[in-house]
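Just so you know, all these numbers are worked out from the coordinates, no wet-lab data involved. Since the model is a prediction, treat every value here as computed from it, not as a measurement. Using ideal geometry, Cβ is built from the backbone for each residue, glycine included, and neighbour counts are taken over all protein chains shown.
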Amino acid sequence: MPELPDVEVFKRYLESTVLPKSITDVEVTDYTVLANTTQPALQRELVGNAFMSVQRHGKQLFLHTDGPAILAMHFGMTGKPVYYRQPEKKPEHPRVTFTLEEGYRLAFDCQRLLGRIHLLKDIDAFLRTHEIGPDALRIDEGDFAEAIQNSRSGLKSLLMDQTRIAGIGNVYADEILFRAHLSPRHKAARLTPAQTTTLYRDMKYVLEQAIAQQADRNRYPRTWLTPQRTKKSPGCPRGCGPLRQGKVNGRTTYWCPKCQE
Ligand SMILES: [Zn+2]
């Protein structure tokens with residue numbers, strides 16, 4: 001499932017491909033992914049304009065055009081942008097395809113149909129309406145500490161709560177908490193100021209390092225927790241013994257019962 005680092009990689013991919021290319025047609029093959037718009041509206045607002053810049057907030061991407069319309073993409077469980085020219089490069093599940101100048105195409109590929117496309121004019125209004133909190137890479141330490149202190153939930157639930165901090169999902173919440181030596185069920189409001197500072201720095205470190213590795217989970221160091229998720233008997237990378245596996249917030253969670261308190 002795409003989380004902040006994955007979406008940041010998508011952003012860079014789009015910046016190196018679709019900018020600044022003009023849009024000549026929009027084809028919709030599955031309307032499920034259209035959140036607040038229609039094919040005629042997408043055509044009316046986008047055709048004749050060009051993609052000019054890409055902005056990320058949390059797990060959301062915004063594609064600015066040289067017109068008033070902004071295209072928002074959320075990738076759900078399995079979504080990804082695919083840029084191609086030759087028909088044989090067409091992805092397997094294109095739900096919306098933007099035809100661009102010179103025969104290029106940008107497909108919103110989304111196998112499980114949980115991704116969404118919005119058309120909007122004001123990003124701040126969109127973030128308010130959808131109650132999306134500050135981006136995890138841009139939140140400052142004071143606001144982060146406030147979110148921690150005001151929370152009644154456990155740390156993992158808080159990190160994954162998009163209304164408080166936007167961008168972190170299941171996998172990176174576990175990785176950040178492992179690095180910070182904190183248990184996913186540790187009550188957020190019980191953190192000391194020193195632990196809060198550590199968690200804030202570790203959150204940024206994990207997200208930035210993941211982006212530097214192109215969000216490719218196969219490239220993460222063996223000192224990280226994430227590579228253990230696919231192992232038959234996951235063990236603590238610090239050598240403490242077996243990792244614990246359980247549900248937190250209904251999501252499969254890994255942590256070390258010895259070095260995370
Ligand atoms: Zn351990």
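Taking the conditions exactly as written (exposed (fewer than 15 other Cβ atoms within 10 Å of the Cβ), in a loop (DSSP other than H, G, I, E, B) and more than 25 Å from the chain's Cα centre (by Cα)), does residue 48 satisfy them or not? Explain how you work it out, then say what you get.
On the way: exposed (fewer than 15 other Cβ atoms within 10 Å of the Cβ): yes; in a loop (DSSP other than H, G, I, E, B): yes; more than 25 Å from the chain's Cα centre (by Cα): yes.
Judged against the criteria, residue 48 is a match.
Please go through segment 219-233 and pick out each residue that is touching a strand residue (DSSP E or B) at 6+ places or on another chain (Cβ under 8 Å) and over 13 Å from residue 255 (Cβ atoms). Can you show your working first?
Going through segment 219-233, the residues touching a strand residue (DSSP E or B) at 6+ places or on another chain (Cβ under 8 Å) turn out to be 225, 228-229, 233.
If the condition is that a residue be touching a strand residue (DSSP E or B) at 6+ places or on another chain (Cβ under 8 Å) and over 13 Å from residue 255 (Cβ atoms), then 233 is the only one that fits.
Restricting attention to segment 241-261, which residues are near the ligand (Cβ under 9 Å from one of its atoms) and in contact with a strand residue (DSSP E or B) (Cβ under 8 Å, 6 or more places away or on another chain)? First the steps, then the outcome.
We begin by selecting, within segment 241-261, every residue near the ligand (Cβ under 9 Å from one of its atoms); these are 241, 243, 255-260.
If the condition is that a residue be near the ligand (Cβ under 9 Å from one of its atoms) and in contact with a strand residue (DSSP E or B) (Cβ under 8 Å, 6 or more places away or on another chain), then 241, 243, 255, 256, 257 are the ones that fit.
Would you confirm whether any residue within segment 178-189 is part of a helix (DSSP H, G or I), more than 16 Å from the ligand (Cβ to nearest atom) and either touching a Cys at 6+ places or on another chain (Cβ under 6 Å) or within 28 Å of residue 141 (Cβ to Cβ) (or both)? Don't jump to the end; show me each part of the working.
So in segment 178-189, the residues part of a helix (DSSP H, G or I) come out as 178-179, 188-189.
If we keep only those that are more than 16 Å from the ligand (Cβ to nearest atom) as well, we get 188-189.
From what is left, the residues that are either touching a Cys at 6+ places or on another chain (Cβ under 6 Å) or within 28 Å of residue 141 (Cβ to Cβ) (or both) are 188-189.
Checked segment 178-189: at least one residue is part of a helix (DSSP H, G or I), more than 16 Å from the ligand (Cβ to nearest atom) and either touching a Cys at 6+ places or on another chain (Cβ under 6 Å) or within 28 Å of residue 141 (Cβ to Cβ) (or both).
Just for segment 144-166: of the residues that are within 23 Å of residue 211 (Cα to Cα) and not in a loop (DSSP other than H, G, I, E, B), which one is nearest to the chain's Cα centre (by Cα)?
The first filter runs over segment 144-166 and keeps only residues within 23 Å of residue 211 (Cα to Cα), leaving 144, 155-166.
When the remaining residues are screened for being not in a loop (DSSP other than H, G, I, E, B), the result is 144, 155-160, 166.
Details: 144: 18, 155: 19, 156: 16, 157: 16, 158: 16, 159: 13, 160: 11, 166: 8 Å.
Per the stated criteria, the residue is 166.
Within the group 97, 24, which residue is touching a residue at least 12 places away in the same chain (Cβ under 8 Å), touching a helix residue (DSSP H, G or I) at 6+ places or on another chain (Cβ under 7 Å) and either of a type outside the set (A, V, I, L, M, F, W, C) or assigned to a strand (DSSP E or B) (or both)?
On the way: 97 fails: touching a helix residue (DSSP H, G or I) at 6+ places or on another chain (Cβ under 7 Å).
Result: 24 is the single residue among 97, 24 that is touching a residue at least 12 places away in the same chain (Cβ under 8 Å), touching a helix residue (DSSP H, G or I) at 6+ places or on another chain (Cβ under 7 Å) and either of a type outside the set (A, V, I, L, M, F, W, C) or assigned to a strand (DSSP E or B) (or both).
Hey, could you check segment 190-240 for residues that are of a type in the set (Gly, Ala, Ser) and surrounded by 12 or more Cβ atoms within 10 Å (Cβ to Cβ) and say which is nearest to the ligand (Cβ to nearest atom)? Can you show your working first?
Of segment 190-240, the ones of a type in the set (Gly, Ala, Ser) are 194, 210, 212, 215, 233, 235, 239.
From what is left, the residues that are surrounded by 12 or more Cβ atoms within 10 Å (Cβ to Cβ) are 210, 215, 235.
Numbers: 210: 20, 215: 24, 235: 9 Å.
The selected residue is 235.
Scan segment 104-133 for residues that are basic (Lys, Arg) and either farther than 27 Å from residue 87 by Cα or over 16 Å from the mean Cα position of the chain (by Cα) (or both) and jot them down. I'd like the intermediate steps shown before the answer.
Taking segment 104-133 first, the residues basic (Lys, Arg) are 105, 112, 116, 121, 128.
Matches in segment 104-133: 105, 112, 121, 128.
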